[in-house]
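A.B. asks: Have a look at this one before I ask anything.
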Amino acid sequence: MFDNLSDKLDKALHVLKGHGQITEVNVAETLKEVRRALVDADVNFKTAKNFTNVVKEKALGQNVLTALKPGQLMVKLVKDELTELMGGDAEGINLSGNPSVILMSGLQGSGKTTFSGKLANFLKTKKTKKPLLVACDVYRPAAIDQLHVVGDQIGVEVFSDREEKNPVAISEKGIAYAKANGFNVVIIDTAGRLAVDEVMMNEISDIHKAIKPQETLFVVDAMTGQDAVNTAKAFNDTLNFDGVILTKLDGDTRGGAAISIKSVVNKPIKFIGTGEKMEAIDIFYPARMAERILG
Ligand code: GDP
């Protein structure tokens, strides 16, 4: 994961670690390399610049030049700041409702349906949770079929209504079905489109207003880099969502989305998807991710 970024950061910090004498010049040079590595990984320029400015200030504040092990101190400062940038403490999802309603949003192909299954499967293993999946894509019958396949695979019931063409009505019926049948978590999989458009935004916004979910999650493909961040912004402007799900982190992604999304929308990444299988889900821990990136 993020091999290229890890290599570049390692090289950037290596210079500083290897120097006999640490000077203001090579600290500045190192931070420039760090910034370059972040930008190359698709972190937006402003975020990267801000990042290195904060690290520089902290380095000066902690007298990095006279520290016993300046190289290690710099690595620690970069790691801490990377953790902070990705969200600080790990955050869970709100399951306080009865049932708790979780609305999934995102573009088509981002991994919404797959993640809905993964999340249901993940919650099912907690003995107190009985999840129901609800299929709200009224445009693509194949999407409903896909959710049924996922549900069968993990042994979770799927609510769908192929006659109903109003997604708000389907989600309401799904929640009523959950209440009547003892499900305490409802995961609503919605229709996505290939790009942000008004119809999709109005539709998801209508569902959101009608059902008032405890948790609204935005699913995004990490492979889409800067676009992931722009899409997150558009969805957040409409939905004011609670958290981000970053999928396809098992692919050849450069890491920019993971690093910049929190600072752009100020919402935490809650889970990551690391494969197509139902088990390929991880809670996102910023500190662990920073550790992984910096080695
Ligand atoms: P949706 O249109 O948003 O519902 O997206 P899907 O759930 O149908 O996913 C689109 C494609 O991405 C499918 O082929 C999934 O198997 C794949 N996919 C979803 N999540 C992941 C992931 O974390 N890693 C990988 N490698 N593939 C994924």
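The values are calculated or read from the model by the stated rules, or taken from the named source; none is laboratory data. Nothing here was measured: the structure is a model prediction, and the numbers come from that model. Note: ideal-geometry Cβ built from the backbone for every residue, glycine included; neighbour counts use all protein chains shown. Each accessible area value is taken on the protein alone, full model and side chains, heavy atoms only, with ligands, DNA and RNA left out. Shrake-Rupley method; radii C 1.70, N 1.55, O 1.52, S 1.80 Å.
A.B. asks: What is the spin-label model distance, in nm, from ASN98 to ALA169 if the labels are put 7 Å beyond Cα along the C-beta direction?
C.D. replies: Label at ASN98, label at ALA169, 3.1 nm between them.
A.B. asks: Moving to a separate point now. Scale the Cα Rg of region 1-154 by the rule-of-thumb value 2.2 N^0.38 Å and send over the ratio, two decimals. Can you show the working numbers first?
C.D. replies: On the way: Rg = 22.8 Å, N = 154, 2.2 N^0.38 = 14.9 Å.
Cα Rg divided by the expected 2.2 N^0.38 Å: 1.53.
A.B. asks: Kirkwood Rh and Cα-based Rg: tell me the resulting Rg over Rh for region 79-124, rounded to two decimals.
C.D. replies: On the way: Rg = 14.2 Å, Rh = 13.1 Å.
Reported Rg/Rh, Kirkwood definition of Rh: 1.08.
A.B. asks: THR247's amide H: which non-local residues (gap 5+, or another chain) put their own amide H closer than 5 Å, with H modeled 1.01 Å from N in plane and none for Pro or chain starts?
C.D. replies: VAL220, ASP221, ALA222, GLY273
A.B. asks: Mean-square fluctuation check for the chain, GNM, Cα pairs under 10 Å: which of ARG35, ARG254, ARG193 is largest?
C.D. replies: In this elastic network of the chain, the residue with the biggest mean-square fluctuation among ARG35, ARG254, ARG193 is ARG193.
A.B. asks: Please give the contour-minus-distance gain from LYS209 to PHE45: 0.36 nm per residue of separation, less the Cα-Cα distance, rounded to one decimal in nm.
C.D. replies: Details: separation 164, 0.36 × 164 = 59.04 nm, distance 3.52 nm.
Full extension from LYS209 to PHE45 adds 55.5 nm.
A.B. asks: Next up: Can you give me the convex hull volume of the Cα atoms of the chain, divided per residue and expressed in Å³?
C.D. replies: Details: hull volume 35.9 nm³, N = 295.
Spelled out: Cα convex hull of the chain, divided by residues, is 122 Å³.
A.B. asks: Return the FRET efficiency for the residue pair ASP89, ARG162: r is the Cβ-Cβ distance, R0 is 41 Å, and the value is rounded to the nearest 0.05. Display every interim value, and only then the final one.
C.D. replies: On the way: r = 43 Å, r/R0 = 1.04.
Working from the Cβ atoms, E equals 0.45.
A.B. asks: Rolling a 1.4 Å sphere over the protein heavy atoms, what is the accessible area per residue of region 195-261, to the nearest Å²? List each step's numbers first, then the result.
C.D. replies: Working: 2580 Å² over 67 residues.
Heavy-atom SASA per residue in region 195-261 reads 39 Å².
A.B. asks: Still on this structure: What is the P(r) of region 70-208, as percent of Cα-Cα pairs per 5 Å bin from 0?
C.D. replies: 2, 10, 18, 19, 17, 11, 7, 5, 4, 3, 2, 1, 0, 0
A.B. asks: What's the FRET efficiency of TYR139 with ASN240 using the Cβ-Cβ distance as r and R₀ = 25 Å, to the nearest 0.05?
C.D. replies: Values: r = 25 Å, r/R0 = 0.99.
Calculated value: 0.50.
A.B. asks: Over 23 Å between Cα atoms: which of LYS56/LYS76; LYS11/LYS32; LYS46/LYS267; LYS165/LYS248; LYS127/LYS165; LYS76/LYS277 fall into that group? Present the calculation step by step, with values, prior to reporting the outcome.
C.D. replies: Working: LYS56/LYS76 12 Å; LYS11/LYS32 12 Å; LYS46/LYS267 18 Å; LYS165/LYS248 31 Å; LYS127/LYS165 34 Å; LYS76/LYS277 35 Å.
In this structure, LYS165/LYS248; LYS127/LYS165; LYS76/LYS277 lie more than 23 Å apart at Cα.
A.B. asks: Further question on the same structure: Which value, in nm² and rounded to one decimal, describes the direction-averaged projected area of the C-alpha convex hull of region 12-76?
C.D. replies: On the way: hull surface 15.7 nm².
The number I arrive at for region 12-76 is 3.9 nm².
A.B. asks: Could you work out how much longer the chain between LEU65 and ILE154 gets when fully extended? Use 0.36 nm per residue separation minus the Cα distance between them, nm to one decimal. Display every interim value, and only then the final one.
C.D. replies: Values: separation 89, 0.36 × 89 = 32.04 nm, distance 5.56 nm.
Stretched fully, the LEU65-ILE154 segment lengthens by 26.5 nm.
A.B. asks: I'm a student and want to see the number: the projected area of the Cα convex hull of region 144-295, averaged over all directions, in nm².
C.D. replies: Details: hull surface 39.3 nm².
Here the figure is 9.8 nm², rounded to one decimal.
A.B. asks: Of the accessible area of region 1-155, with the probe set at 1.4 angstrom, what percent is carbon plus sulfur? It would help to have the intermediate numbers written out before the result.
C.D. replies: Details: 3820 of 7640 Å².
Solvent-exposed carbon and sulfur of region 1-155 make up 50 percent of the total.
A.B. asks: Could you compute how fast region 113-189 diffuses translationally, taking Rh as the Kirkwood radius over C-alpha pairs and applying Stokes-Einstein at 37 °C with viscosity 0.692 mPa s? Give it in µm² per second.
C.D. replies: On the way: Rh = 12.2 Å.
Rounded to a whole number, D works out at 269 µm²/s.
A.B. asks: Follow-up. Could you give the length gained by full extension between LYS126 and ASP252, i.e. 0.36 nm per residue of separation minus their alpha carbon distance, to one decimal place? Could the numbers behind the result be given before it?
C.D. replies: Details: separation 126, 0.36 × 126 = 45.36 nm, distance 3.18 nm.
Taking LYS126 through ASP252 to full extension adds about 42.2 nm, to one decimal.
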